[in-house]
Amino acid sequence: QVQLVESGGGLVQAGDSLRLSCVASGRTITTYKMGWFRQAPGKEREFVAGINWGGTTTNYADAVKGRFAISRDNAKNTVFLQMNSLKPEDTAVYYCAAGPLGPLTISWYSYDYWGQGTQVTISS
């Protein structure tokens with residue numbers, strides 16, 4: 001079992017930056033691919049970014065490509081999401097997820113463990 005706890009969300013203005021963190025416990029995350037998803041009110045949960053176990057491969061949703069960056073520190077069992085040039089449409093609850101090793105996908109069902117989420121609100 002892996003427990004995931006996100007932090008770093010908050011209320012910021014458009015154009016600002018935020019850095020989300022996800023700390024894992026229970027097992028080392030070196031045996032998992034990691035991802036970030038988000039869900040806005042009334043919308044489906046959507047993929048944001050993913051990273052392989054070694055941090056050498058990443059993928060991003062088109063909506064965040066060039067603005068967001070996912071990274072991981074396996075020694076600290078932590079995954080990060082650096083979010084720059086934030087827009088009001090980035091407002092959502094952001095979830096960290098861990099999935100078994102394999103190809104990075106955008107599908108939420110390829111991830112087995114989820115955090116409780118952290119709220120990100122961008123004002124215009």
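The values are calculated or read from the model by the stated rules, or taken from the named source; none is laboratory data. The shown structure was predicted, so the numbers you read here are calculated from the model rather than taken from an experiment. When we count neighbours, we look across all protein chains shown, and the Cβ atoms used for this are built from the backbone with ideal geometry, even at glycine. Side chains included, ligands, DNA and RNA excluded: accessible areas come from the protein's heavy atoms. Shrake-Rupley method; radii C 1.70, N 1.55, O 1.52, S 1.80 Å.
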List the GluC sites (Glu not before Pro) within region 27-124 that fall in a DSSP loop (any state other than H, G, I, E or B) and whose Cβ has at most 11 other Cβ atoms within 10 Å.
Glu44
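Quick check: with the 1.4 Å probe, what order do Lys33, Lys76, Lys87 take by accessible area, largest first? Let's see the in-between values first.
Numbers: Lys33 10, Lys76 140, Lys87 80 Å².
These residues rank, largest area first, as Lys76, Lys87, Lys33.
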Ignoring ligands, DNA and RNA, what accessible area per residue does region 1-67 give at 1.4 Å, in Å²?
52 Å²
Calculate log10 I(q)/I(0) of region 1-111 for q = 0.10, 0.15, 0.24 Å⁻¹, where I(q) comes from the Debye formula with a single equal point scatterer on each Cα and nothing for solvent.
-0.25, -0.58, -1.47
Checking Asp62, Asp112, Asp90 against a Gaussian network model of the chain (alpha-carbon springs below 10 Å), the top fluctuating residue turns out to be Asp62
Hey, what does the equivalent ellipsoid look like for region 48-123, semi-axes from the Cα gyration tensor as sqrt of 5 times each eigenvalue, largest first, whole Å?
21, 14, 13
Work out, step by step, the length gained on full extension between Ala14 and Thr31: first 0.36 nm times the residue separation, then minus their alpha carbon distance; give nm to one decimal.
2.5 nm
Springs between alpha-carbon pairs under 10 angstrom, Gaussian network model over the chain: which of Gly42, Gly50, Gly26 fluctuates most?
Gly42
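Take the solvent-accessible surface of the protein heavy atoms, probe 1.4 Å, and return the percent of it on the chain that carbon and sulfur atoms account for.
On the way: 3180 of 6160 Å².
That fraction is 52 percent.
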Relative contact order computed over the chain (Cα-Cα under 8 Å; 6+ residues apart), in percent:
36 percent
Name the lysines eligible as straight-distance cross-link partners of Lys76: C-alpha to C-alpha under 25 Å, and not fewer than 8 places from it in the same chain.
Lys33
Taking H placed 1.01 Å from N in the peptide plane, check which residues at least 5 places from Thr91 or on another chain put their amide H under 5 Å from its amide H.
Ile122
